[in-house]
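The values are calculated or read from the model by the stated rules, or taken from the named source; none is laboratory data. Quantities reported herein were computed from a predicted structural model and do not represent experimental measurements. Cβ atoms come from the backbone with ideal geometry, glycine included; neighbour counts cover every protein chain shown. For the accessible areas, the whole protein counts, side chains as well, though only heavy atoms, and no ligand, DNA or RNA atoms are used. Shrake-Rupley method; radii C 1.70, N 1.55, O 1.52, S 1.80 Å.
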Amino acid sequence: TYIRIMGGAGLKLASQLAVLNANYMQSRLKEAYIPSHDTLCKHEFVLAGLREPGEVTTLDVAKGLIDRGYHPPTIYFPLIVENAIMIEPTETESKQSLDGLVEALLAIADEAKAQPEALKQSPLKASVRRLDEVSAARNPILKAY
C-alpha cells in the first residue's frame, strides 16, 4: 500500500525495504558466493563470484539463471570487482520471490561443484542456446521490424 501513498513516508519505507531485501539476500548467499564487501549494504550488493568456482565462470552462473527462469543480473560490472554479480532487489519484491532467486543461485553453486560441465552448457531450456558473445558484439545483425 505504500506505493499508493509514496510521499515522504512512502519513499522512506520503500528505501528501507530495498535495503532490507538486499541485506537479506546477501546474508543468505555469502556461504556460497564471495561478497565484494562483507558489510551491510544499501539497496544493492555485489558478489565476487563463487567461493568454489572450479572451472565455472560468472557468465556460467548468469546463463544457469536463465534455465531457472530468471533474467540474469548485471555481471562483470563494476569493473573493479573481478567476477562481479550485481544484485539489486527492489522494495516491491516479496520474501517468496527473494527466496526463489536465492535458492536458484544456491542450486547453481551446488551444480558448479557437482556438474560443472553441465552448467557450462547453460542455457539448455531457452529458445536460444549460448551465443558467441564476442562475435555478436563485433558483428551485430540488426533488424528493424
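Starting from region 119-145, keep only residues that are of a type outside the set (K, R) and assigned to a helix (DSSP H, G or I), then list their pairs with residues that are open to solvent by less than 100 Å² (accessible area, probe 1.4 Å) and at pLDDT 85 or above whose Cβ atoms are within a distance under 6 Å, requiring at least 6 positions of separation or different chains.
Once the first residue is of a type outside the set (K, R) and assigned to a helix (DSSP H, G or I) and sits in region 119-145, its partners that are open to solvent by less than 100 Å² (accessible area, probe 1.4 Å) and at pLDDT 85 or above give L119/V56; L119/D60; L119/G64; L119/E111; L119/A112.
Restricting to region 59-69, what's the tally of residues that are of a type outside the set (K, R) and either in contact with a Pro (Cβ under 6 Å, 6 or more places away or on another chain) or surrounded by fewer than 20 Cβ atoms within 10 Å (Cβ to Cβ) (or both)?
6
Kindly list, by first and then second residue, each pair from a residue in region 47-62 that is assigned to a loop (DSSP other than H, G, I, E, B) to a residue that is open to solvent by 10 Å² or more (accessible area, probe 1.4 Å) and among the β-branched types (V, I, T), limited to pairs with Cβ atoms under 7 Å and residues at least 6 apart or on different chains.
Sorted first by the residue in region 47-62, then by its partner, the pairs are R51/I34.
Tell me, please, whether a residue that is open to solvent by less than 40 Å² (accessible area, probe 1.4 Å), over 16 Å from the mean Cα position of the chain (by Cα) and at pLDDT below 95 can be found in region 71-94.
Among the residues of region 71-94, not one is open to solvent by less than 40 Å² (accessible area, probe 1.4 Å), over 16 Å from the mean Cα position of the chain (by Cα) and at pLDDT below 95, which makes the answer no.
Test L101 against the criterion of being within 11 Å of the chain's Cα centre (by Cα), without any contact (Cβ under 8 Å) to a residue 60 or more places away in the chain, on the phi < 0 side of the Ramachandran plot and assigned to a helix (DSSP H, G or I), and give yes or no.
Working: within 11 Å of the chain's Cα centre (by Cα): yes; without any contact (Cβ under 8 Å) to a residue 60 or more places away in the chain: no; on the phi < 0 side of the Ramachandran plot: yes; assigned to a helix (DSSP H, G or I): yes.
No; evaluated as a whole, the condition is false for this residue.
Only residues that are of a type outside the set (G, A, S) and closer than 23 Å to A48 by Cβ: list them for region 80-92, please.
I80, V81, E82, N83, I85, M86, I87, E88, P89, T90
Which of the residues that make up region 70-91 are of a type in the set (A, V, I, L, M, F, W, C) and touching a Pro at 6+ places or on another chain (Cβ under 9 Å)? Let's see the steps before the verdict.
As a first pass, look at region 70-91 and keep what is of a type in the set (A, V, I, L, M, F, W, C): 75, 77, 79-81, 84-87.
A84, I85, M86, I87, listed by residue number.
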